[in-house]
Amino acid sequence: MKSSTVRQSQHFTMHYKDSLGCALILVGLVLSVATPVPSDLDLCKPYRERNPNVQQKTLNQLYWLHVPKCGTSFGLTLMNFGCPRLPNEVDFPKEANSDPRLPILPLMADLTKRYKLSIYCDPNTFDRSRPLAFHMPVPPQLYNSQRGVALLRDPRKRDFSAFHSKHADGMKKQLKPSLKRVETLGDYMAFPGIRSCQVKMMTGRYCAEYSLVTNQDLENAKKHLSTALAFVGLTDYFNESVCLFHAMFGGNPRESSFSHARPTSQFSSGYESSEAPFVDDPFDEALYMEARKIFVSRLKQYGFKVPYPLLLEENPYWGYRNYAIVVGILMLLCLVVFRKKIIGRGVFKN
């Protein structure tokens with residue numbers, strides 16, 4: 001009886017050690033393939049290597065489609081690109097990174113006032129009829145210009161950020177006092193003129209302009225992503241957008257290009273909750289999805305790694321494939337490491 005109990009104990013111990021060994025192998029495998037989070041400048045490594053199969057494009061008379069709450073910080077990238085006489089230390093003031101619920105500072109207006117485009121920038125880089133500091137839509141005469149630059153943003157995040165600052169560029173003055181009294185995100189989204197900001201700006205109207213948006217407007221906005229714009233980035237992938245812009249059009253990114261003025265994330269706990277589903281802004285959702293496809297395609301074209309979340313959105317089975325690979329490697333390693341014990345127990349025979 002005792003010998004039977006001892007054998008059972010030894011058998012359990014042996015299985016426990018085998019399981020522990022497999023677990024340690026899995027941990028080692030994960031650690032061996034894990035890579036540290038790259039720094040801002042490391043993200044541009046594919047650009048610095050200069051993919052020989054892709055030629056940089058010329059971009060003159062560019063205009064910025066500056067959609068509200070989609071990344072004022074990108075203005076620094078544009079100025080670094082077009083203003084070779086700009087000092088290296090140029091950045092937004094430190095107070096710009098304070099609570100975004102505080103009164104809005106005219107960041108780009110301040111920057112372009114301190115560093116006048118006529119002095120620091122090449123004369124042919126910017127369309128001087130469209131100041132960088134303003135949230136101006138794409139007018140009809142520029143629908144086929146292919147010289148616009150824009151960042152678009154996940155509408156849930158953009159709308160949430162606009163709600164907290166009650167931002168409503170282009171809204172009639174008589175409506176703004178009522179908007180300031182809005183207390184919930186749902187009421188804000190239902191306020192006249194708030195929805196479809198990004199689609200409206202791509203089709204010649206201001207962000208909070210009160211006008212009917214149709215399916216045809218959406219199709220036109222999607223088309224203008226390629227015909228009116230030379231570049232479309234994503235606020236949600238800001239660093240990659242900065243690097244991709246320079247890879248496409250030249251120039252060297254500076255550290256200041258990666259600074260984030262008024263980052264909303266630290267103040268926006270729960271912005272992806274059911275309080276702000278995509279259904280609240282369906283036209284902007286559809287436009288954003290189209291912009292993501294273009295963005296991913298260009299990342300691949302210019303030799304950048306596509307961020308993992310975008311890969312999953314492009315191919316939902318990507319994650320399952322990776323899990324299958326890890327499990328397969330783990331099983332193979334366990335078989336190799338414990339082969340002698342398995343053979344000794346008669347599972348496999350030579």
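The values are calculated or read from the model by the stated rules, or taken from the named source; none is laboratory data. What you see is a predicted model, and the numbers here were worked out from it, not measured in a lab. Ideal geometry is used to build each Cβ from the backbone, glycine not excepted, and the neighbour counts take in all protein chains shown. SASA here: full protein model, heavy atoms, side chains in, ligands and nucleic acids out. Shrake-Rupley method; radii C 1.70, N 1.55, O 1.52, S 1.80 Å.
Taking the criterion of being open to solvent by less than 20 Å² (accessible area, probe 1.4 Å) and not small (Gly, Ala, Ser), the residues of region 185-202 that qualify are LEU185, TYR188, MET189, ILE194, CYS197, GLN198, VAL199, LYS200, MET201, MET202. The lone criterion from (1) free of Cβ contacts under 8 Å to residues at least 40 places away in the same chain; (2) closer than 26 Å to PRO309 by Cβ; (3) surrounded by fewer than 20 Cβ atoms within 10 Å (Cβ to Cβ) left unmet by HIS164 is number (1). Within region 112-140, the residues that satisfy the criterion of being farther than 21 Å from LEU65 by Cβ and in contact (Cβ under 8 Å) with a residue 24 or more places away in the chain are TYR115, ILE119, TYR120. How many residues, within region 70-117, are at pLDDT below 70 and open to solvent by 10 Å² or more (accessible area, probe 1.4 Å)? Number of matching residues: 14. On the given criteria, is VAL182 surrounded by 13 or more Cβ atoms within 10 Å (Cβ to Cβ) and more than 28 Å from the chain's Cα centre (by Cα)? It is true that VAL182 is surrounded by 13 or more Cβ atoms within 10 Å (Cβ to Cβ) and more than 28 Å from the chain's Cα centre (by Cα). Go through the residues of region 53-66 one by one and say whether even a single one is buried (at least 16 other Cβ atoms within 10 Å of the Cβ), at pLDDT below 70 and among the aromatic types (Phe, Trp, Tyr). Scanning region 53-66, I find no residue that is buried (at least 16 other Cβ atoms within 10 Å of the Cβ), at pLDDT below 70 and among the aromatic types (Phe, Trp, Tyr), so the answer is no.
So that you can scan it fast, the table gives a plain yes or no per residue for (1) under 21 Å from the mean Cα position of the chain (by Cα); (2) hydrophobic (A, V, I, L, M, F, W, C); (3) modelled with pLDDT under 95; (4) under 24 Å from ILE294 (Cα atoms):
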| site | (1), (2), (3), (4) |
| --- | --- |
| PRO140 | no, no, no, yes |
| LYS157 | yes, no, yes, yes |
| LYS173 | no, no, yes, no |
| ASP187 | no, no, yes, no |
| ALA190 | no, yes, yes, no |
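Taking region 139-197 and the helices (runs of 4 or more DSSP H) fully enclosed by it, the elements with 3 or more residues that are of a type in the set (Lys, Arg) are at 155-165. Residues of region 65-91 that are of a type in the set (Gly, Ala, Ser) and more than 17 Å from MET201 (Cα to Cα): SER73, GLY75, GLY82. Checking ALA228 against (1) in contact with a Ser or Thr (Cβ under 8 Å, 6 or more places away or on another chain); (2) open to solvent by 40 Å² or more (accessible area, probe 1.4 Å), only one condition comes out false. Which one? Every listed condition holds for ALA228 apart from (2). Determine if region 253-271 includes at least one residue that is open to solvent by less than 20 Å² (accessible area, probe 1.4 Å), in a helix (DSSP H, G or I) and at pLDDT 95 or above. There is no residue in region 253-271 that is open to solvent by less than 20 Å² (accessible area, probe 1.4 Å), in a helix (DSSP H, G or I) and at pLDDT 95 or above. Modelled with pLDDT of 95 or more and within 20 Å of the chain's Cα centre (by Cα) - does that describe any residue in region 209-221? Yes, region 209-221 contains at least one residue that is modelled with pLDDT of 95 or more and within 20 Å of the chain's Cα centre (by Cα). Listed by first and then second residue, the pairs linking a residue in region 228-241 that is touching a residue at least 60 places away in the same chain (Cβ under 8 Å) and over 20 Å from THR203 (Cβ atoms) to a residue that is assigned to a helix (DSSP H, G or I) and open to solvent by 30 Å² or more (accessible area, probe 1.4 Å), with Cβ atoms under 6 Å apart and 6 or more places separating them unless they lie on different chains, are ASN239/LEU43. Each residue in region 224-250 was checked for being touching a Leu at 6+ places or on another chain (Cβ under 7 Å) and polar (S, T, N, Q), and 3 pass. Considering (1) open to solvent by 30 Å² or more (accessible area, probe 1.4 Å); (2) under 14 Å from PHE283 (Cβ atoms); (3) assigned to a loop (DSSP other than H, G, I, E, B), the lone condition that ASN220 does not fulfil carries the number (3).
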